[in-house]
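Participant: Have a look at this one before I ask anything.
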Amino acid sequence: MLSKKMQIGLKDQLNRESESSQLYLSMASWVEKRGFEGVCEFLYDHSNEERTHMLKLMRYINKRGGDSILNKIDLSHEEIKYKCLKQLFRKLFEHEKKISHEINNLVELSLGDKDFFTYNFLQWYIEEQVEEETLIKMILDKIELIGEDKGGLYLFDKDIKDIHNNKKNKKF
Ligand code: FEO
């Protein structure tokens, strides 16, 4: 059984993953309307990935006898309209860092609780966060380098398409 504290922590994370999925989705839509084909595919797919992160938590909580309640998502506090791609990816990077921080807190909590099942379960999220932070930072670095150059952004978009396809192929 999960402790009360652990249950609340996991439920909060479940809701963060659900919110992440919506955030990526809203960003994908913003980007799609501006013609960045590669970036938009990357973000749409990532929104689905976040949903699988949410599902994984939901099923784990249920399996361990907890209640996985979904909160209503409110993204109104987010600045959904971005000035540029750079701003969007900066926001994403900050978001992923925040998620990593929360996962770390959960791992700490599981150790404090001597809940080694949950500790083991969370290892997957740790690996995933390392991968995600690295990827988003790499994309952000590229955009910072390009600046506002239209030709550069066009090539960047093609690049993201390749990174995205390679990532996809690795998964299958
Ligand atoms: Fe599921 Fe991007 O963290």
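Just so you know, all these numbers are worked out from the coordinates, no wet-lab data involved. No experiment lies behind these values; they were computed from the predicted model shown. Cβ atoms come from the backbone with ideal geometry, glycine included; neighbour counts cover every protein chain shown.
Participant: Condition first: under 19 Å from Glu37 (Cβ atoms), in a helix (DSSP H, G or I) and within 16 Å of the ligand (Cβ to nearest atom). Can you find one or more residues in the range 97-104 that meet it?
Facilitator: no
Participant: Being aromatic (Phe, Trp, Tyr), assigned to a helix (DSSP H, G or I) and within 30 Å of Leu57 (Cα to Cα), is that true of even one residue in the range 139-160?
Facilitator: No, the range 139-160 contains no residue that is aromatic (Phe, Trp, Tyr), assigned to a helix (DSSP H, G or I) and within 30 Å of Leu57 (Cα to Cα).
Participant: Hey, another quick one. Return the residues of the range 1-24 that are closer than 23 Å to Ile160 by Cβ and either more than 13 Å from the ligand (Cβ to nearest atom) or surrounded by fewer than 18 Cβ atoms within 10 Å (Cβ to Cβ) (or both); say none if nothing qualifies.
Facilitator: Gln22
Participant: While we're on this one: If a residue has to be under 24 Å from Asn15 (Cβ atoms) and surrounded by 16 or more Cβ atoms within 10 Å (Cβ to Cβ) to count, how many in the range 46-87 make the cut?
Facilitator: 16
Participant: Within the range 64-87, is there a residue that is assigned to a helix (DSSP H, G or I) and either within 16 Å of the ligand (Cβ to nearest atom) or within 28 Å of Gln7 (Cβ to Cβ) (or both)?
Facilitator: No, the range 64-87 contains no residue that is assigned to a helix (DSSP H, G or I) and either within 16 Å of the ligand (Cβ to nearest atom) or within 28 Å of Gln7 (Cβ to Cβ) (or both).
Participant: Would you confirm, using the coordinates I've provided, whether Leu92 is assigned to a helix (DSSP H, G or I), within 14 Å of the ligand (Cβ to nearest atom), out of contact with any strand residue (DSSP E or B) (no Cβ under 8 Å at 6 or more places or on another chain) and touching a residue at least 60 places away in the same chain (Cβ under 8 Å)?
Facilitator: Yes.
Participant: What residue, among those in the range 88-99 that are within 15 Å of Met138 (Cβ to Cβ) and not hydrophobic (A, V, I, L, M, F, W, C), is surrounded by the most Cβ atoms within 10 Å (Cβ to Cβ)?
Facilitator: By that ranking, first place goes to Glu96.
Participant: Oh, and also: Which residue, of Lys86, Lys97, Lys63, is closer than 28 Å to Gly152 by Cβ and without any contact (Cβ under 8 Å) to a residue 40 or more places away in the chain?
Facilitator: From the options Lys86, Lys97, Lys63, the qualifying one is Lys97.
Every residue, every condition in (1) in contact with a Ser or Thr (Cβ under 8 Å, 6 or more places away or on another chain); (2) within 24 Å of Glu32 (Cβ to Cβ); (3) in contact (Cβ under 8 Å) with a residue 60 or more places away in the chain, yes or no:
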| residue | (1), (2), (3) |
| --- | --- |
| Asp113 | yes, no, yes |
| Asn120 | no, no, no |
| Gln129 | yes, no, no |
| Asp149 | no, yes, no |
| Asn166 | no, yes, no |
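Participant: Right, next: Looking at (1) exposed (fewer than 11 other Cβ atoms within 10 Å of the Cβ); (2) more than 30 Å from Glu32 (Cα to Cα); (3) among the aliphatic types (A, V, I, L, M), which one does Leu145 not meet, given that it meets all the others?
Facilitator: The single condition Leu145 does not satisfy is (2).
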